[in-house]
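Asks: If you scroll down you'll find the structure; I have some questions about it.
The values are calculated or read from the model by the stated rules, or taken from the named source; none is laboratory data. Since the structure is predicted, the reported quantities are computational estimates derived from the model, not experimental observations. Here the Cβ positions follow ideal geometry from the backbone for every residue, glycine too, while neighbour counts run over all protein chains shown.
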Amino acid sequence: MSDRPFFSNLKCRECGRLYPKEAIHICEFDFGPLEAAYDYDAISASISRAAIESRPKSMWRYRELLPIDGAPTVGAQVGFTPLVKADRLAARLGVKELYVKNDTVNYPTLSFKDRVVYVALSRACELGFKVVACASTGNLANSVAANAAAAGLTSYVLIPSDLERSKVVNSLVYGTNVIGIEGPYDQVNRLCSEIAGKYGWGFVNVNLRPYYAEGSKSMGFEIVEQLGWKTPRHTVIPMASGSLLTKIHKAYTEFAKVGIIDAEPFSVHGAQAAGCSPISTALKKGTDIVKPVPNPQTIVKSLAIGTPADGYYAIRTMKETGGSAEDCTDEEVIEGIKLLAETEGIFSETAGGTTVACARKLIDSGKIPRDESIVLCITGHGLKTQEAIHEKCGAPRVIKPSLREFDALVAGELADLAKLETATV
Ligand SMILES: *Cc1c(COP(=O)(O)O)cnc(C)c1O
Ligand SMILES: [Zn+2]
């Protein structure tokens, strides 16, 4: 590492006051959120495409722009998921150049949350925490549980008690302390703030939030590198608290700032489910005042945050970049999941269906032009939210282990199959 630390301070997003790099997240003067600040001159002088390309394919290849002092102690293999050129989905959506950033296969818990936990828990270790915790809509709980287990940390994960079965099992299996709270996410989150204050634990998305949030930038860095060091013209991003959207914007901007790429125009667009769409609703109304949704009603539980912490900043980011926001019904979410699976072979959770469905609406309404490059951020695996799609994609046709029964089953389909064979010869 350099003798000049690249990660210099925490900084208030409102007044710009600088703070030490501790487990704090709010400005004492105006209650603005604190964010990691870097010495960009020092980074410019030391970073290069060649250096990044020579490093292992994980988030740590972008080390100069991550807020930890040493090497990560948690999740060393997180990140560098595939960017898939999605030509078959592009044809269905009627666009020219489309990519899927596939975080359904992020290591180790199959969602983009491994990126934020990687940074938050590594920083928690640097700050000396022995107990880590989180308030979660499911994926964060899975990731904290797994990564804390692998790092030998004690963890508590607090979740709404009505989460999908797979998300609950995917936390319990690691031997973490899983606490179900009877109430929506916002009440879980409020309780966690009280616990963090009283017990002094490292809550990844409360007192460690400035570190946690920076982990999301790695998704943006990877998209740029995987496009051959280019920024996509449009990026469609699912929004819960709105943090991922603001951090992908920060990633694109930082790469230009440190001279890794030329600054090119880009727009970031946000996707939400209609049953909990405080951010997209505000943006569509033309206001930056986010009206809380006290009682979210949607199958998209991972995005069901009624009082989004970064909603205001997400709106500002979309507006500044000429982006837009959409929301979609639960029916459309399921269609989105199926469309992505049937065209690209990628099974996403409900948040991914939301992104596909909202992207389709933004394209159809002309907000995303059909001839410009588009990246869809697909953030979690479909096996985690099976109940949403179960009974919505048919059932296997069951027969006896007999060739005669199989013959009968395909009899009506033989003409079609023959056509396929002549077409491929
Ligand atoms: C947490 C989450 C998001 C977005 O979260 P933000 O709070 O907006 O950063 C998106 N997709 C999935 C699957 C998630 O779990
Ligand atoms: Zn401030």
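Asks: What single numbered condition from (1) in contact (Cβ under 8 Å) with a residue 60 or more places away in the chain; (2) within 17 Å of the chain's Cα centre (by Cα) fails to hold for Val258?
Replies: Here Val258 meets the rest and fails (2).
Asks: Scan the range 381-425 residue by residue and report those that are closer than 29 Å to Thr81 by Cβ and among the aliphatic types (A, V, I, L, M).
Replies: Matches in the range 381-425: Leu383, Ala388, Ile389.
Asks: Scan the range 293-305 and report the pairs whose first residue is in contact (Cβ under 8 Å) with a residue 60 or more places away in the chain and closer than 16 Å to Ala271 by Cβ and whose second residue is outside any loop (DSSP other than H, G, I, E, B) and among the charged types (D, E, K, R), with Cβ atoms within less than 6 Å and a gap of 6+ or a chain change.
Replies: Listed by first residue and then by second, the contacts come to Ile299/Asp330.
Asks: Is it fair to say Tyr118 is buried (at least 24 other Cβ atoms within 10 Å of the Cβ), more than 11 Å from ligand 1 (Cβ to nearest atom) and under 19 Å from the mean Cα position of the chain (by Cα)?
Replies: yes
Asks: List pairs: first residue in the range 127-148 and in the same structural domain as Pro160 (by TED's automatic domain parsing) and away from ligand 1 (no atom under 12 Å from the Cβ), second residue among the acidic types (Asp, Glu) and in a loop (DSSP other than H, G, I, E, B) anywhere in the structure, Cβ distance under 8 angstrom, at least six positions apart or on different chains.
Replies: Leu127/Glu22
Asks: Which one of these does Pro296 not meet: (1) farther than 23 Å from Glu372 by Cα; (2) in contact with a Lys or Arg (Cβ under 9 Å, 6 or more places away or on another chain)?
Replies: Pro296 satisfies every listed condition except (2).
Asks: Next question. For residues that are closer than 19 Å to Glu372 by Cα and in contact with a Gly (Cβ under 9 Å, 6 or more places away or on another chain), scanning just the range 242-265, find the one that is surrounded by the fewest Cβ atoms within 10 Å (Cβ to Cβ).
Replies: Pro265
Asks: Scanning for something over 22 Å from the mean Cα position of the chain (by Cα), modelled with pLDDT of 95 or more and more than 16 Å from ligand 1 (Cβ to nearest atom), does the range 202-220 turn up at least one residue?
Replies: Checking the range 202-220: not a single residue is over 22 Å from the mean Cα position of the chain (by Cα), modelled with pLDDT of 95 or more and more than 16 Å from ligand 1 (Cβ to nearest atom).
Asks: Considering Asn177, Asn142, which residue is of a type outside the set (A, V, I, L, M) and crowded, with 21+ Cβ neighbours inside 10 Å?
Replies: Answer to the selection: Asn142.
Asks: What is the number of the single condition among (1) touching a residue at least 40 places away in the same chain (Cβ under 8 Å); (2) more than 27 Å from Ile24 (Cα to Cα); (3) β-branched (Val, Ile, Thr) that Thr246 does not meet?
Replies: (2)
Asks: For the range 133-161, give me each residue that is in a loop (DSSP other than H, G, I, E, B), in contact with a strand residue (DSSP E or B) (Cβ under 8 Å, 6 or more places away or on another chain) and not polar (S, T, N, Q).
Replies: Correct list: Gly138, Leu153.
Asks: Continuing with the same structure: When the residues of the range 100-115 are filtered to those that are of a type outside the set (S, T, N, Q) and assigned to a strand (DSSP E or B), which remaining residue is farthest from the chain's Cα centre (by Cα)?
Replies: Restricting to residues being of a type outside the set (S, T, N, Q) and assigned to a strand (DSSP E or B), the top hit is Val100.
Asks: Closer than 16 Å to His234 by Cβ and within 20 Å of the chain's Cα centre (by Cα): does that describe Ser267? Give the derivation first.
Replies: Values: closer than 16 Å to His234 by Cβ: yes; within 20 Å of the chain's Cα centre (by Cα): yes.
The answer is yes for Ser267.
Asks: Now for a different question. Hey, among the residues in the range 1-39 that are modelled with pLDDT under 95 and over 22 Å from Ala124 (Cβ atoms), which one's farthest from ligand 1 (Cβ to nearest atom)?
Replies: The qualifying residue farthest from ligand 1 (Cβ to nearest atom) is Asp3.
Asks: Looking at (1) of a type outside the set (Phe, Trp, Tyr); (2) surrounded by 16 or more Cβ atoms within 10 Å (Cβ to Cβ); (3) within 16 Å of ligand 1 (Cβ to nearest atom); (4) under 26 Å from Val157 (Cα atoms), find the lone condition where Lys101 falls short.
Replies: The single condition Lys101 does not satisfy is (4).
Asks: Among (1) in the same structural domain as Arg61 (by TED's automatic domain parsing); (2) touching a helix residue (DSSP H, G or I) at 6+ places or on another chain (Cβ under 7 Å); (3) of a type outside the set (D, E, K, R); (4) modelled with pLDDT of 95 or more, there is one condition Val173 misses while meeting the rest; what is its number?
Replies: Going through (1) in the same structural domain as Arg61 (by TED's automatic domain parsing); (2) touching a helix residue (DSSP H, G or I) at 6+ places or on another chain (Cβ under 7 Å); (3) of a type outside the set (D, E, K, R); (4) modelled with pLDDT of 95 or more one by one, Val173 breaks only (2).
Asks: I've got another one for you. Filter the range 59-99 for residues that are assigned to a helix (DSSP H, G or I), in contact (Cβ under 8 Å) with a residue 40 or more places away in the chain and among the aromatic types (Phe, Trp, Tyr) and give the result.
Replies: Selection gives Tyr62 alone.
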